[in-house]
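Report on the following structure.
The values are calculated or read from the model by the stated rules, or taken from the named source; none is laboratory data. As the structure is a computational prediction, the values presented were derived from the model and not from experiment. Every residue, glycine as well, gets a Cβ built from its backbone with ideal geometry; the counts of neighbours run over all protein chains shown.
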Protein chains: 2
Amino acid sequence: MQKKTVNGAPLPAYEQIKRHVLAKIESGAWKPGDVVPSETEMVKEFGVARMTVSRALRELMADGVLNRVRGSGTYVAPRQYESTVLQIRNIADEIAARGHRHAARVLALEPSNDPNAIAALELEAGPVFHSRIVHLEEGEPIQYEDRYVNPEVFPDYLAQDFTVETPNHYMVRLAPIQRAEFRIYAQKPEARVRQYLDMEIGEPCLLLLRRTWVGRHVATSVRLWHPSSRFHLAGTV
Amino acid sequence: MQKKTVNGAPLPAYEQIKRHVLAKIESGAWKPGDVVPSETEMVKEFGVARMTVSRALRELMADGVLNRVRGSGTYVAPRQYESTVLQIRNIADEIAARGHRHAARVLALEPSNDPNAIAALELEAGPVFHSRIVHLEEGEPIQYEDRYVNPEVFPDYLAQDFTVETPNHYMVRLAPIQRAEFRIYAQKPEARVRQYLDMEIGEPCLLLLRRTWVGRHVATSVRLWHPSSRFHLAGTV
DNA sequence: CAGTGGTCTAGACCACTCC
DNA sequence: GAGTGGTCTAGACCACTGC
């Protein structure tokens, strides 16, 4: 295998193979569920020993990128949703997993020149895209979503119907999220949020702030308010 | 290498080596910072190829258990603290990292027969150990810690001085935490918590519930209240 | 310069899946 | 039974550390 270099240092063959596979997935050439070439095929393609291919694919499985089944083949793993605290899924899927109905009220979907939002997306200038949506579980509001989106990453964001598909689902469908940063607060909601979430006066919100990256771009910056009486975060490590 | 079996299935050699190393660390025979035997030595000890030892040690490094330095050797990694939302550290270390002073007020340290606590620790009967501590940052309360501890795992818990060392630090020092489960809530604090945390009426708490496991035992079940004005959780994925 | 870990090869045997 | 991944061997060359 020809040694490619990054800043002068040669990259190990197994690392080059990993990047090749990741590039295929990120470009969309290989989609979730697709079979990827077998070890034997990659051995021929890259001109390396089978152990080397095996290590590359094994590590990608450990990272959750691939699934491997002995006797069957190697498959592209399903997309990971915006992960917050380890594994919070798309709110609609989460509601569906509880056997409940999800609905969404789109309050706003428009361009915005909010300087704070432009800064959060690490852009020089606006406009950026802005949406405000209330998510309902069995008719009860459970999340107030205030989202800013990078138009360079999702140019068609404003043309979507978010009563049918959540923004999170839409974005994950189009681009793989590679990194996320989050902060969690307990907060007294401002009046508008409190009303949209149908909360009693004095009831606190669980507020989740999150930014996600696609490649070198900040893809989205979102604030999610949840009524404490109907929502909490959970996970294991 | 002699094949050991678990429920009839033979265990791969690299997996046996991993378990051997983990057992050494968990038993305390190898402590954080210690050099562990080199690959060459383990090759002789286990009678396997160097690649096999290499894989075992490489995977343990990926898990954060070992650190490996080319040209130097393989070392036991420092202990991981109770991880909550990915990487929240021991509150005292966190405060120290901000360059601030930590202090603790021990409100209670006693046996308890609270049936909820006994159930949370998955024990048949009590008593279990109970502590309530307020942690202060620069003199301001920042965490109210209500903790139940499994006496089978930490028999000397009640004899400790938690103004000197936090319970988390004490427990991590004695036993490696292997699994954790957490839930995060926004909550109106009860009067007692509000007073100990010196909070204004109406200010919400960020409440973190956590259980941690050592081997098959629930080691501890803890509720951590934080004033929202002075505390939030953060992390990256 | 001896010892360490990082990577790689060219084979091998095996358990398993799928047809 | 052909093809897949899981593991393993016995070598090898290399970059790096620490004396």
(message) Of everything in region B:174-196, what is within 13 Å of chain A (Cβ to nearest Cβ) and assigned to a helix (DSSP H, G or I)? Give them in sequence order.
(response) B:VAL193, B:ARG194
(request) Mind listing whichever residues of region B:155-167 are in a loop (DSSP other than H, G, I, E, B) and in contact with a Ser or Thr (Cβ under 8 Å, 6 or more places away or on another chain)? (result) B:PHE162
(request) Kindly list the number of the only condition in (1) in contact (Cβ under 8 Å) with a residue 24 or more places away in the chain; (2) farther than 17 Å from B:VAL222 by Cα that fails for B:GLU124. (result) (1)
(request) Assess whether B:ALA186 counts as being surrounded by 23 or more Cβ atoms within 10 Å (Cβ to Cβ) and of a type in the set (A, V, I, L, M). (result) yes
(message) Please verify whether B:ARG79 is surrounded by 14 or more Cβ atoms within 10 Å (Cβ to Cβ) and either at pLDDT 90 or above or in contact with a Phe, Trp or Tyr (Cβ under 6 Å, 6 or more places away or on another chain) (or both), treating the condition exactly as stated.
(response) no
(message) Checking B:SER228 against (1) modelled with pLDDT under 85; (2) more than 9 Å from chain A (Cβ to nearest Cβ), only one condition comes out false. Which one?
(response) (2)
(request) Look through A:MET199, A:MET171 and report the one residue that is assigned to a loop (DSSP other than H, G, I, E, B) and more than 8 Å from chain B (Cβ to nearest Cβ). (result) A:MET199
(request) Give region A:40-69 a look and list any residue that's away from DNA strand C (no atom under 12 Å from the Cβ) and at positive phi, or say none. (result) A:GLY64
(message) I need the full set of residues from region A:63-78 which are out of contact with any helix residue (DSSP H, G or I) (no Cβ under 7 Å at 6 or more places or on another chain) and free of Cβ contacts under 8 Å to residues at least 12 places away in the same chain, in order please.
(response) A:ASP63, A:VAL69, A:ARG70, A:GLY71, A:SER72
(request) Take B:SER27 and decide whether it is surrounded by fewer than 11 Cβ atoms within 10 Å (Cβ to Cβ) and away from DNA strand C (no atom under 12 Å from the Cβ). (result) yes
(message) If I filter region A:217-224 for residues that are without any contact (Cβ under 8 Å) to a residue 12 or more places away in the chain, outside the structural domain of A:SER27 (by TED's automatic domain parsing) and not basic (Lys, Arg), do I get at least one hit?
(response) no
(request) Please specify each residue of region A:152-167 satisfying the condition of being farther than 20 Å from A:GLU138 by Cα and surrounded by 14 or more Cβ atoms within 10 Å (Cβ to Cβ). (result) A:VAL153, A:PHE154, A:TYR157, A:LEU158, A:GLN160
(message) I'd like to check something: does region B:82-89 contain any residue that is away from chain A (no Cβ under 14 Å) and touching a residue at least 40 places away in the same chain (Cβ under 8 Å)?
(response) no
(request) Hey, could you check region A:53-62 for residues that are touching a residue at least 40 places away in the same chain (Cβ under 8 Å) and within 12 Å of another protein chain (Cβ to nearest Cβ) and say which is nearest to DNA strand D (Cβ to nearest atom)? (result) A:ARG55
(message) Just checking, does region B:41-49 include any residue being within 14 Å of chain A (Cβ to nearest Cβ) and within 11 Å of DNA strand D (Cβ to nearest atom)?
(response) yes
(request) Any chance you could count how many residues in region A:200-217 are surrounded by fewer than 20 Cβ atoms within 10 Å (Cβ to Cβ) and of a type in the set (A, V, I, L, M, F, W, C)? (result) 3
(message) Can you report the number of residues in region A:59-69 which are buried (at least 18 other Cβ atoms within 10 Å of the Cβ) and part of a helix (DSSP H, G or I)?
(response) 2
(message) Filter region A:125-154 down to the residues that are assigned to a loop (DSSP other than H, G, I, E, B), under 17 Å from the mean Cα position of the chain (by Cα) and not hydrophobic (A, V, I, L, M, F, W, C) and list them by number.
(response) A:ASN150, A:PRO151, A:GLU152
(request) Would you point out which residue out of A:VAL164, A:VAL128, A:VAL172, A:VAL193 is on the phi < 0 side of the Ramachandran plot and in contact with a Pro (Cβ under 9 Å, 6 or more places away or on another chain)? (result) A:VAL128
(message) Considering only residues that are touching a Pro at 6+ places or on another chain (Cβ under 8 Å) and either closer than 21 Å to A:GLY215 by Cβ or part of a helix (DSSP H, G or I) (or both), which ones fall in region A:8-38?
(response) A:ILE25, A:GLU26, A:PRO32
